[in-house]
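Q: Quick one: the structure is below, and I'll ask about it shortly.
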Amino acid sequence: MKLFLVLALVATSALASQRRYDGYQVFEVNPKNKVSLEVLTKLRNERSDVYDFWTDPRNINLPVDIMVPPAFASTFINLMRTFEVDYKVKIADVEAMIEAGRKDIAKPIIRKEPRLSRAGTPRYSLNWESYSDLPAIEEFLAELSAAYPNLMTTTVVGQSYEGNNMNLVKISTGGTGKKAIFVDGGIHAREWISPAYVTWLIHELVENYAAHPQYVDNIDWYIMPVINPDGYRYTFAANGDRLWRKTRKPNPGSPCIGTDMNRNFGFHWDEGGSSDLPCGDTYNGGVAFSEIESQIVRDTILSVAPQTMVYLTVHSYGQYWLTPWGYTSDYPADYDQLYDLAVRAVDKLTALYGTQYTIGTSTNVLYVASGGSDDWAKGGAGIPYSYTVELRDTGRYGFELPATEILPNNAEMWEAFKVVAEDVMAM
Ligand SMILES: [Zn+2]
């Protein structure tokens, strides 16, 4: 009997195996001129079935991280040499790093106690010393909404392709006519630090309300912590893929699954910097808003757009604070205001621990990427201040950011968010 049990366990673990990345390397490459930048953007849009771009090509002299399978390493190196692109190996074995990172994943929640204690104290297993799968995030949202009904409500605004909840958190002290900030996270599944920050932001606004009541008394916050829940779950799943980026809807006629939600929004959709190939990691979906998740985010934003002054979509990694437009290197008409707020927010962020963020302006971001949610929030929904934030790090660990960095990442980003909130209060 005992032996049978052991054998059964071995069989289960052998079957339930995540996609492996043995021998995969991450190269940092530095395009020195326009031609080499164009080679990289072409690779990204046409060969992202082979070369996984961990960061976007943005401009000359801004390094790009690319994961290369072992079978393509020499081809890749030859290509870089041909076009005189500087390269170096940044991560020598991606599988080893993923395995080392497994210690940073929170154990699945096993509920032993009833939901709320008699004192109304929320009980949730989520913490910011490890990375948590969707069930723990949903438990956190339910517990906090139940404990603070006058501050926070969680609404299921729809279901994903696989039937996961799309949760909208509203943090508000009520009343009408208030300005709002809209925040979302987890659009790219593998960017785990994004939901880890956005959930912490909810915690800070609600459980630490008394420390800074002005940010909730004067502002309505709309927050969607995981807008690609199918992809996010897949990065944790026993038979999943830690480095999954896209949604999980199959593409008819293709063996490849999923669409890049951040190329799927309908403002100047498919005008460059996205892939028309379903196997591409930046696949734009074939038509704007092809994904149910993008539709739900669109409709949710539109429902609160008239009061919303700022849209912040939280990604990783690279430490960038990016302004529209993504689809063109032209400036928006009110660019000076967008840039001014970004500079002041990043200054406060850097003041805490010295972490450097690059403010992505039209001048230092040459490469276009159309169909982004930030472009649509500004151009489609009319939200004046729209930003994409790329959290820690700059690629030492990339998506495998050690869990010990969650809290410092969150603390410094909160400094920036406070600047944004102060500005909204004055708008
Ligand atoms: Zn992203």
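Q: Determine which single condition ASN239 fails, assuming it passes every other condition in (1) open to solvent by 20 Å² or more (accessible area, probe 1.4 Å); (2) under 29 Å from GLY371 (Cα atoms); (3) touching a Ser or Thr at 6+ places or on another chain (Cβ under 9 Å).
A: Going through the list (1) open to solvent by 20 Å² or more (accessible area, probe 1.4 Å); (2) under 29 Å from GLY371 (Cα atoms); (3) touching a Ser or Thr at 6+ places or on another chain (Cβ under 9 Å), ASN239 breaks only (2).
Yes/no matrix, rows are residues, columns are (1) in contact (Cβ under 8 Å) with a residue 60 or more places away in the chain; (2) over 16 Å from the mean Cα position of the chain (by Cα); (3) within 16 Å of the ligand (Cβ to nearest atom); (4) not assigned by TED's automatic domain parsing to the domain that holds ARG392:
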position: TYR124; (1), (2), (3), (4): no, yes, no, yes
position: LEU151; (1), (2), (3), (4): yes, yes, no, no
position: GLY163; (1), (2), (3), (4): no, yes, no, no
position: ASN167; (1), (2), (3), (4): no, no, no, no
position: THR173; (1), (2), (3), (4): no, yes, no, no
position: GLU191; (1), (2), (3), (4): yes, no, yes, no
position: GLU204; (1), (2), (3), (4): yes, yes, no, no
position: PRO213; (1), (2), (3), (4): no, yes, no, no
position: ASP217; (1), (2), (3), (4): no, yes, no, no
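Q: For TYR234, work out the one condition from (1) modelled with pLDDT of 95 or more; (2) at positive phi; (3) not small (Gly, Ala, Ser) it doesn't fulfil.
A: (2)
Q: Out of the residues in region 321-346 that are free of Cβ contacts under 8 Å to residues at least 12 places away in the same chain and not hydrophobic (A, V, I, L, M, F, W, C), which is least open to solvent (accessible area, probe 1.4 Å)?
A: Only one residue fits best here, namely ASP340.
Q: Condition first: more than 16 Å from the ligand (Cβ to nearest atom), among the aromatic types (Phe, Trp, Tyr) and in the same structural domain as ASP393 (by TED's automatic domain parsing). Can you find one or more residues in region 250-270 that meet it?
A: Taking every residue of region 250-270 in turn, none turns out to be more than 16 Å from the ligand (Cβ to nearest atom), among the aromatic types (Phe, Trp, Tyr) and in the same structural domain as ASP393 (by TED's automatic domain parsing).
Q: Looking at region 373-384, is at least one residue open to solvent by less than 10 Å² (accessible area, probe 1.4 Å) and over 17 Å from the mean Cα position of the chain (by Cα)?
A: yes
Q: So, one more: Taking PRO255 and the conditions (1) over 19 Å from the mean Cα position of the chain (by Cα); (2) within 28 Å of MET97 (Cβ to Cβ); (3) in contact (Cβ under 8 Å) with a residue 60 or more places away in the chain, which numbered condition does it fall short on, given that it satisfies the others?
A: Here PRO255 clears every test but (3).
Q: Between residues in region 378-391 that are within 16 Å of the ligand (Cβ to nearest atom) and residues that are of a type in the set (Val, Ile, Thr), which pairs lie under 7 Å by C-beta distance while being six or more apart or on different chains?
A: So the pair list comes out as TYR387/THR323; THR388/THR313; VAL389/VAL314; LEU391/ILE193; LEU391/VAL314.
Q: Of VAL310, VAL304, VAL297, VAL368, which residue is farther than 18 Å from THR394 by Cβ and open to solvent by 30 Å² or more (accessible area, probe 1.4 Å)?
A: Sole residue among the options that is farther than 18 Å from THR394 by Cβ and open to solvent by 30 Å² or more (accessible area, probe 1.4 Å): VAL368.
Q: Can you tell me which of ILE187, ILE223 is within 16 Å of the ligand (Cβ to nearest atom) and among the hydrophobic types (A, V, I, L, M, F, W, C)?
A: Answer to the selection: ILE187.
Q: What residue, of ILE359, ILE383, is farther than 26 Å from ASP220 by Cβ and aliphatic (A, V, I, L, M)?
A: Testing whether each residue is farther than 26 Å from ASP220 by Cβ and aliphatic (A, V, I, L, M) leaves just ILE359.
Q: Does region 320-344 hold any residues that are over 26 Å from ARG298 (Cα atoms) and either under 21 Å from the mean Cα position of the chain (by Cα) or of a type in the set (A, V, I, L, M) (or both), and which are they?
A: Once the filter is applied, which keeps residues that are over 26 Å from ARG298 (Cα atoms) and either under 21 Å from the mean Cα position of the chain (by Cα) or of a type in the set (A, V, I, L, M) (or both), region 320-344 yields only VAL343.
Q: Could you list, in sequence order, all residues of region 262-283 that are open to solvent by less than 30 Å² (accessible area, probe 1.4 Å) and closer than 23 Å to PRO332 by Cα?
A: Result: ASN262, ARG263, ASN264, PHE265, GLY272, GLY273, SER274.
Q: If you take just the helices (runs of 4 or more DSSP H) that sit entirely in region 1-101, which of them hold at least 2 residues that are more than 29 Å from THR388 (Cα to Cα), modelled with pLDDT of 90 or more and out of contact with any strand residue (DSSP E or B) (no Cβ under 7 Å at 6 or more places or on another chain)?
A: Once the helices (runs of 4 or more DSSP H) in region 1-101 are filtered for at least 2 residues that are more than 29 Å from THR388 (Cα to Cα), modelled with pLDDT of 90 or more and out of contact with any strand residue (DSSP E or B) (no Cβ under 7 Å at 6 or more places or on another chain), what remains is 73-82, 94-101.
Q: Anything in region 57-83 that is hydrophobic (A, V, I, L, M, F, W, C) and open to solvent by 60 Å² or more (accessible area, probe 1.4 Å)? List them, or say none.
A: Passing the criteria: ALA71, PHE72, PHE83.
Q: For MET413, all conditions in the list (1) surrounded by fewer than 23 Cβ atoms within 10 Å (Cβ to Cβ); (2) touching a helix residue (DSSP H, G or I) at 6+ places or on another chain (Cβ under 8 Å); (3) closer than 24 Å to ILE223 by Cβ hold save one; what is the number of the exception?
A: Here MET413 meets the rest and fails (1).
The values are calculated or read from the model by the stated rules, or taken from the named source; none is laboratory data. Quantities reported herein were computed from a predicted structural model and do not represent experimental measurements. As a convention, Cβ positions derive from the backbone with ideal geometry for all residues, glycine included, and neighbour counts pool all protein chains shown. Just the protein is used for accessible areas: all its heavy atoms, side chains included, with ligands, DNA and RNA removed. Shrake-Rupley method; radii C 1.70, N 1.55, O 1.52, S 1.80 Å.
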